[in-house]
Amino acid sequence: MTIGVEAETTESASRNWPWYTMGIAGVITLIASFTAPPDALQEQLSRILYVHVPAAWLAYLAFAVTMLASAMYLWRKTMVWDRIAASSAEIGVLLTGLTLVVGMIWGKSTWGVWWTWDARLTLTAIMFFVYLGYLALRRSTDDLVARARRSAILGVVAVGQIPLVHFSVIWWRGLHQTPSLAKPASVDMDTPMVITLFIAVAMFTVMYVAMMVKRVELARLEDALLEHDTAFDQPVAGDAVAAPKLAGGDA
């Protein structure tokens with residue numbers, strides 16, 4: 001069993017292209033965000049848009065993938081779907097955290113406060129902690145099947161938060177601005193800014209795919225190691241057999 005774990009480790013370590021892909025996509029996003037024209041009102045501060053919005057959209061995508069993979073696990077009972085669901089949820093939590101942090105920096109510069117109980121901000125924070133709970137649930141047991149089943153149920157149910165978060169700026173008016181691109185009437189952004197935003201979203205998508213490749217590999221290694229440790233902890237047949245005690249005689 002140890003030989004199999006070492007072989008998988010060597011195979012996974014030899015796949016370095018996702019790291020290069022993430023680096024290149026990050027550099028392209030950085031260059032595009034600094035070559036785009038500044039906003040007329042927010043000026044240079046508007047460049048936060050090219051991180052904040054793609055991170056939020058890819059968090060939605062990551063949690064949607066978690067839901068689909070969780071549903072596939074409940075249907076097919078195949079561990080690969082569990083690994084995909086868990087990996088995507090972990091990346092989604094990272095992206096949601098990035099969305100909140102960058103949004104707080106932007107809010108401090110525009111609203112004058114780091115945090116306000118705006119509907120969009122509050123619901124995003126709730127979604128962040130729900131998926132943190134999803135990750136914590138996966139750490140609550142070493143039984144791979146029980147862990148996969150429990151987290152799959154939560155992964156399917158938790159995705160219902162995404163419409164609440166996304167449409168909260170329309171349903172409840174607050175400080176957060178309404179959508180700039182998905183308006184029925186017109187688009188509020190200049191064409192160069194729209195193009196740059198699409199480039200940023202595309203590059204974040206590339207980074208998400210690359211991160212998924214490496215994280216699923218790591219999840220497979222973690223499961224193999226957990227199975228090895230669990231099997232190693234089981235008593236062997238000889239240890240479970242006790243010598244009989246003879247009545248009235250010496251042992």
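Read-outs: derived from the displayed coordinates by stated rules, not from any lab. These figures come from a predicted structure and were not determined experimentally. Counting neighbours? That spans all protein chains shown, and the Cβs are built from the backbone with ideal geometry, glycine included.
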Practice problem: Taking the Cα centre of the range 51-228 as origin, sum charge times position over the Cβ atoms of Lys and Arg (+1) and Asp and Glu (-1), and report the length of that vector in debye to the nearest 20. | Solution: 260
Quiz item: log10 I(q)/I(0), Debye, Cα-only the range 51-228, no solvent, q = 0.09 Å⁻¹?
Solution: -0.36
Quiz prompt | Unit charges at the beta carbon, dipole of the range 51-228: most positive-side option, A125, L225, M72 | solution = M72
